[in-house]
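Asker: Sharing a structure with you now.
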Amino acid sequence: MTNVVRDAENLGSALRNWRRALHANPELSGQEEQTAAFVARELRAMGYEPRERIGGEWGLTADLHVASGPLVALRADMDALPIHEETGLEFASKNPGVMHACGHDAHTAMLLAAARMLRERKNELRRSVRFVFQPHEEKYPGGAPGMIRGGVLENVESIFGVHIISVIPKGIVAAREGPFMAAVNQLHIVVHGKGGHAAMPEDAIDPVVISAQIITALQTIVSRSIAPHDTAVVSVTCVEAGTADNVIPSRVVLRGTIRTFDENVRQRVLQRVREIAAGIAAACGARAEVTLGEGYPVLLNDAATLSRAKRAAESLGGGLIWQNLPLQGGGEDFAYYGKHVPAAFVFVGAKNEPRVPCFPHHHARFDIDEDAMPLGAALLAQYALEAGR
Ligand code: NI
């Protein structure tokens, strides 16, 4: 076990205290005022001078200056979700209906630990380090664009972030080179027909039948319009129609999500959704109004940056195992940073059954093995220590 892991494990109780304090006081995306104040207080106690309210939101950064020239950035997100916690933990959420159900409390705690550890290893660093505490990850348009507009990537040569994962065993660090997490678009289609008596369909234009055809035809996009070596997801998840068994409604609302991993594929899928909805509706004498809401872009892991992260993980020892993952259908606003500077994002396993019951992210009983946090903190610190070597 290297010293960095030992340092991080020595910070285990601080890590737990930070995470539990944050966990008990979760704040929704865009409302992270108390969380940001907590982080700023802890950073000041370590001797940092945080820069607060970046881009007009609750994001903050702190720099550890060791050399002129480019910096490396380490990023954590801080927001919680509109979920009512059902874990029964002693440090469960005190804000009804709000819960840290994605581990962003752990991310913030781990980055605080990295900030403390690196301060003590300042003389080993070849690059100055910027600690980026980002708000608003869980909700589009995300917090990263505001942070970028606020200048957090200025003079940054690479950025690294980790996500703790409740369904990957503790001790595993996992990622994928190139496209890793999906680009997201929201699908919203309103089919406008003509309502009427269900016994006299000849006088109506039935949007229910038209919608059924649209839903089925949308499923041909992935199978017929996308090459077999490319991939995409088109899911219709919500169908709102009708009020009675003897009334043909005048309109149907369809909603769903589109996930892609390549910008050309994304544009092709969006184009096909518009064509299919408009074409089928027109053929049936109806009209389809299509809105394809923009979500996060595809998260691309830069090869050189990811291999530095991998080197950092492997040099930590401590029984840590690196695993290559397939494409992930989830979205993450860390993707925005990678559009400006080389970026790498990795998953840190935190599953440990039966000690911690395993539930997926965004679940009311989501929890992690807190013993995974020192590894995540050590990985963040080690990435910075590897920079410039
Ligand atoms: Ni998350």
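Asker: What ³J(HN,Hα) values, in whole Hz, does the Karplus curve 6.51 cos²θ - 1.76 cosθ + 1.60 give for region 165-170 when θ = phi - 60°, with x put for Gly and Pro?
Answerer: Values, residue by residue: 10, 6, 9, 10, x, 4 Hz.
Asker: Taking the Cα centre of region 183-294 as origin, work out the dipole magnitude from +1 charges on Lys and Arg Cβ and -1 charges on Asp and Glu Cβ, in debye rounded to 20.
Answerer: Values: 10 positive and 11 negative charges, 47 e Å.
For this selection, approximately 220 debye.
Asker: How far is it, in nm, from the label point at R224 to the one at N95 when both lie 7 Å from their Cα along the line to the Cβ?
Answerer: My value for the distance between the label points is 4.7 nm.
Asker: Next question, about the same structure. Can you list the residues, at least 5 places off or on another chain, whose amide H is less than 5 Å from the amide H of W322, using H built in the peptide plane?
Answerer: When sequence neighbours closer than 5 places are left aside, the close amide H contacts are V173.
Asker: Using a Gaussian network for the chain with springs between C-alpha atoms less than 10 Å apart, which of these wobbles most: F347, F334, F91?
Answerer: F91
Asker: Based on the Cβ-Cβ distance from N264 to L327, what FRET efficiency comes out when R0 is 25 Å, to the nearest 0.05? Walk me through the numbers before you get to the answer.
Answerer: Details: r = 16 Å, r/R0 = 0.63.
Working from the Cβ atoms, E equals 0.95.
Asker: Next question, about the same structure. Which length gain, in nm to one decimal place, applies between R121 and A282 when the Cα-Cα distance is subtracted from 0.36 nm times their residue separation?
Answerer: On the way: separation 161, 0.36 × 161 = 57.96 nm, distance 6.67 nm.
That pair, R121 and A282, stretches by 51.3 nm at full extension.
Asker: Sticking with this structure for a sec: Can you give the calculated 222 nm mean residue ellipticity of the chain, where each DSSP H run of n ≥ 4 adds -39,500 (n - 2.57) and the sum is split over every residue, rounded to the nearest 500 deg cm²/dmol?
Answerer: Working: 9 runs with 121 residues, N = 389.
Helices in the chain give a 222 nm mean residue ellipticity of -10000 deg cm²/dmol.
Asker: Give me the 1.4 Å probe accessible area per residue for region 222-287, excluding ligands and nucleic acids, in Å². Could the numbers behind the result be given before it?
Answerer: On the way: 3670 Å² over 66 residues.
That works out to 56 Å² for each residue.
Asker: Then there's this: For region 88-166, which GluC sites (Glu not before Pro) are in a loop by DSSP, counting at most 15 other Cβ atoms within 10 Å?
Answerer: On the way: sites: E90, E120, E124, E137, E138, E154, E157; in loops: E90, E137, E138, E154.
Answer by residue number: E90, E154.
Asker: Quick one: dipole size for the chain, taken about the Cα centre, charges +1 on Lys/Arg Cβ and -1 on Asp/Glu Cβ, in debye to the nearest 20.
Answerer: Details: 39 positive and 44 negative charges, 180 e Å.
Charge dipole of the chain: 860 debye, to the nearest 20.
Asker: Multiplying the sequence separation of V209 and R44 by 0.36 nm and subtracting their Cα-Cα distance, what value in nm do you get?
Answerer: Working: separation 165, 0.36 × 165 = 59.40 nm, distance 6.23 nm.
Taking 0.36 nm per residue and subtracting the Cα distance, the gain is 53.2 nm.
Asker: How far apart, in nanometres, would the label points at A199 and S68 be if each is projected 7 angstrom from Cα along the Cα-to-Cβ direction?
Answerer: So the label points at A199 and S68 sit 8.9 nm apart.
Asker: Something else: In debye, nearest 20: dipole of region 315-389 around its Cα centre with unit charges on the Cβ of K, R (+) and D, E (-)? Mind showing how you got there, number by number?
Answerer: Values: 5 positive and 8 negative charges, 35 e Å.
Charge dipole, region 315-389, about its Cα centre: 160 debye, nearest 20.
Asker: Further question on the same structure: Taking a ≥ b ≥ c as the square roots of the eigenvalues of the Cα gyration tensor of region 183-294, is the shape rounded (a/c under 1.5), prolate (a/b larger than b/c) or oblate? Could the numbers behind the result be given before it?
Answerer: Details: a/c = 2.77, a/b = 2.31, b/c = 1.20.
Verdict is prolate for region 183-294.
Asker: Between A304 and N17, what FRET efficiency follows from the Cβ-Cβ distance if R0 is 35 Å, with the result rounded to 0.05? Walk me through the numbers before you get to the answer.
Answerer: Values: r = 36 Å, r/R0 = 1.03.
Computed FRET efficiency for A304 and N17 comes out at 0.45.
Asker: If you average the sequence gap of Cα pairs under 8 Å that are 6 or more apart and divide by the length of region 183-294, what percent do you get for the contact order? Intermediate values should be presented prior to the final figure.
Answerer: Working: 231 pairs, mean separation 48.4, N = 112.
43 percent.
Asker: Whenever you get a sec, compute what percent of the accessible area on the chain sits on carbon and sulfur atoms (1.4 Å probe).
Answerer: Working: 7950 of 16260 Å².
With neighbouring chains kept in place, the figure for the chain is 49 percent.
Asker: If you fit an axis through the alpha-carbon atoms of helix 263-283 and take the longest principal axis of the Cα set of the chain, what angle between them do you get, 0 to 90°, nearest 10?
Answerer: With both axes taken from Cα atoms, the answer is about 20 degrees.
The values are calculated or read from the model by the stated rules, or taken from the named source; none is laboratory data. Computed from a prediction, not measured in an experiment: that's the story for all the values here. Neighbour counts are summed over all protein chains in view; Cβ atoms, including those assigned to glycine, are modelled from backbone coordinates with ideal geometry. Surface accessibility is based on the protein's heavy atoms, side chains included, excluding ligands, DNA and RNA. Shrake-Rupley method; radii C 1.70, N 1.55, O 1.52, S 1.80 Å.
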